[in-house]
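First comes the structure, then the notes that go with it.
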Amino acid sequence: MILSKALGAIPLFSGLTEEQLEYVAKYLKRRSYAERDVIVRRGTPGDALFILTSGKAKCAYLDSEDETIIAIYRPGDFFGEFSVLDGEERSADVVALEPTEVLALPAEDFHACLHAVPAIAVELLKQLAGRLRRATSWIRSLSSQDVYGRIASQLLHLSKTHGVDVENGAGRRIELRLTQNDMASLVGASRESVNKAMGYFKQKGFITVDTTYHITVYNHDALVKRAA
């Protein structure tokens with residue numbers, strides 16, 4: 001019962017009845033990971049869908065020494081659905097950014113849930129469509145924006161999805177430790193160009209960066225204009 005109530009707070013399952021939630025909950029398995037633990041490894045079989053319940057994790061593609069961060073997951077997000085749906089190998093790594101807990105839904109049980117509770121499939125399609133729209137928008141920005149514009153876009157997105165208000169709403173602190181290497185991986189640019197752009201944004205007072213690599217956005221409107 002406790003697990004089914006927690007499941008109801010997750011967007012993918014929020015529209016289910018109590019009976020349906022209990023049906024899905026019986027298949028779930030809790031798994032815990034320490035910071036930097038690999039939750040999903042690229043090239044391995046897609047044996048489960050994962051739902052993040054606490055902590056944060058990054059989905060990244062590591063090619064030789066270069067890392068591309070595809071997404072950063074927060075509680076309520078799910079991942080691993082592609083391999084579970086098409087049976088192909090994992091296409092990226094998912095690594096815990098801090099102590100993280102997930103609920104794992106084995107592939108066979110996931111398919112059983114889709115057949116027994118079609119509402120899950122409908123919500124899954126909606127969320128996948130949303131991800132596709134965001135990916136399309138980001139691809140467009142990669143081709144049309146300079147590094148400053150791409151960083152501004154990412155800062156706006158991260159402050160919306162991972163931010164908390166500070167100083168009575170004067171700023172929004174991104175609750176992620178983001179080094180300049182991380183930002184370079186997020187926006188597809190060199191560390192040097194990211195350093196220059198971040199320095200400009202700090203000089204203008206658009207953002208601050210503290211000693212723990214947390215970024216606070218203070219001038220949302222200025223970043224919106226720079227991202228346009």
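Where a number appears in this text, it was derived from the coordinates with a stated rule and is not lab data. Just so it is clear, the model here is predicted, and its values are computed rather than measured. Glycine gets a Cβ as well: all are built from the backbone with ideal geometry, and neighbour counts include every protein chain shown.
Computed over the chain, the convex hull of the alpha-carbon atoms projects to a mean area of 13.4 nm². Using all pairs of distinct alpha-carbon atoms, the Kirkwood hydrodynamic radius of segment 71-189 works out to 16.9 angstrom.
In loop segments of segment 86-149 as defined by DSSP, the GluC sites (Glu not before Pro) with at most 16 further C-beta atoms inside 10 Å of their C-beta are Glu88. Remark: for residue pairs Lys26/Lys126; Lys58/Lys160; Lys126/Lys196; Lys56/Lys204; Lys160/Lys196; Lys160/Lys225, the C-alpha separation exceeds 28 Å in Lys126/Lys196; Lys56/Lys204. Over segment 66-186, Cα pairs under 8 Å with separation of 6+ residues give a relative contact order of 27 percent. In segment 9-154, taking the dipole from charged Cβ atoms about the Cα centre, the farthest positive-side position among Leu62, Ser153, Ala107 is held by Ser153. Here the contact order of the chain, divided by its residue count and restricted to Cα pairs under 8 Å and six or more residues apart, works out to 18 percent. Applying the criteria of a DSSP loop state and at most 13 other Cβ atoms within 10 Å to the trypsin sites (Lys or Arg not before Pro) of segment 5-100 yields Lys26, Arg36, Arg41.
Loop-resident GluC sites (Glu not before Pro) (DSSP state other than H, G, I, E or B) in segment 1-86 with no more than 14 further Cβ atoms inside 10 Å of their Cβ: Glu35, Glu65.
Rounded to the nearest 20, the size of the Cβ-charge dipole of the chain about its Cα centre is 820 debye, with Lys and Arg at +1 and Asp and Glu at -1.
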